[in-house]
1. Normalised by the residues of segment 151-196, what does the relative contact order come to in percent, with Cα pairs under 8 Å and at least six apart?
2. Calculate the spin-label point distance for residue 106 paired with residue 124, positioning each point 7 Å from the Cα along the beta-carbon direction, and give it in nanometres.
3. Points 7 angstrom from Cα along the Cβ direction at residue 8 and residue 172: gap in nanometres?
4. Enter the Cα centre distance for the pair segment 80-95 and segment 155-170, rounded to the nearest angstrom.
5. So if each residue of separation counts as 0.36 nm, and I subtract the Cα-Cα distance between residue 150 and residue 43, what length gain in nm does that give?
6. Find the relative contact order for segment 7-195 and round it to a whole percent, using C-alpha pairs within less than 8 Å whose residues are 6+ positions apart.
7. Please compute the modelled spin-label separation between residue 78 and residue 50, points set 7 Å along Cα→Cβ, answer in nm with one decimal.
8. For 128, 193, what ranking results if the residue with the fewest other Cβ atoms within 10 Å of its Cβ goes first?
């Protein structure tokens, strides 16, 4: 997957990495910060997704589509599709541009709106990446876990960088007998849950 990344995907990844770096140095007037994962986290997500059992793949919090580009590599390799949800129209517009430029529209579907309105009806979830406003993490977790297949993976970003805010959810997840979990210290801290 990593040895034959299409040029169009690499080019768009580089552009998004540059935009994210500029955001972190003072923001951009055009929109809210991208707040995307780093390349190391993108690779980690791709490897995990490739190990997930058969089933539906979802992402909550598309932003400009950077993590979805990484996940598209595993989608293409395994013949899967990713449905990604973004609530902010301005970011969704940038994500549409990302998916068109990178040529991943055949494996990535963007849904604009609040993922919480859709997740309860998503069945057979094999992989979920959660990277949205921290206030919705608990709702999304509770919507996804009951609909996951056995062995399915849920990965949630920011469990180190936002450890204090996410501490109650972390405690809840660690006590949830439906999953095994571990916070992996890659990037901003990835909570990895496996459905039993």
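FYI, it's all coordinate maths here, none of it is from the lab. Here the structure is a predicted model, which means the values were calculated and not measured. Quick reminder, even Gly has a Cβ in these numbers, built from the backbone with ideal geometry, and neighbours come from all protein chains shown.
1. Working: 69 pairs, mean separation 24.3, N = 46.
Reported as a whole number, the value is 53 percent.
2. Spacing of the two 7 Å Cα→Cβ label points: 2.2 nm.
3. Reported label-point gap for residue 8 and residue 172 is 4.0 nm.
4. 23
5. Numbers: separation 107, 0.36 × 107 = 38.52 nm, distance 2.34 nm.
Extra length from residue 150 to residue 43 when fully extended: 36.2 nm.
6. Details: 343 pairs, mean separation 37.4, N = 189.
Reported relative contact order: 20 percent.
7. Placing both labels 7 Å beyond Cα along the Cβ direction yields 1.0 nm.
8. Working: 128 29, 193 24.
Exposure proxy ranking, most exposed first: 193, 128.
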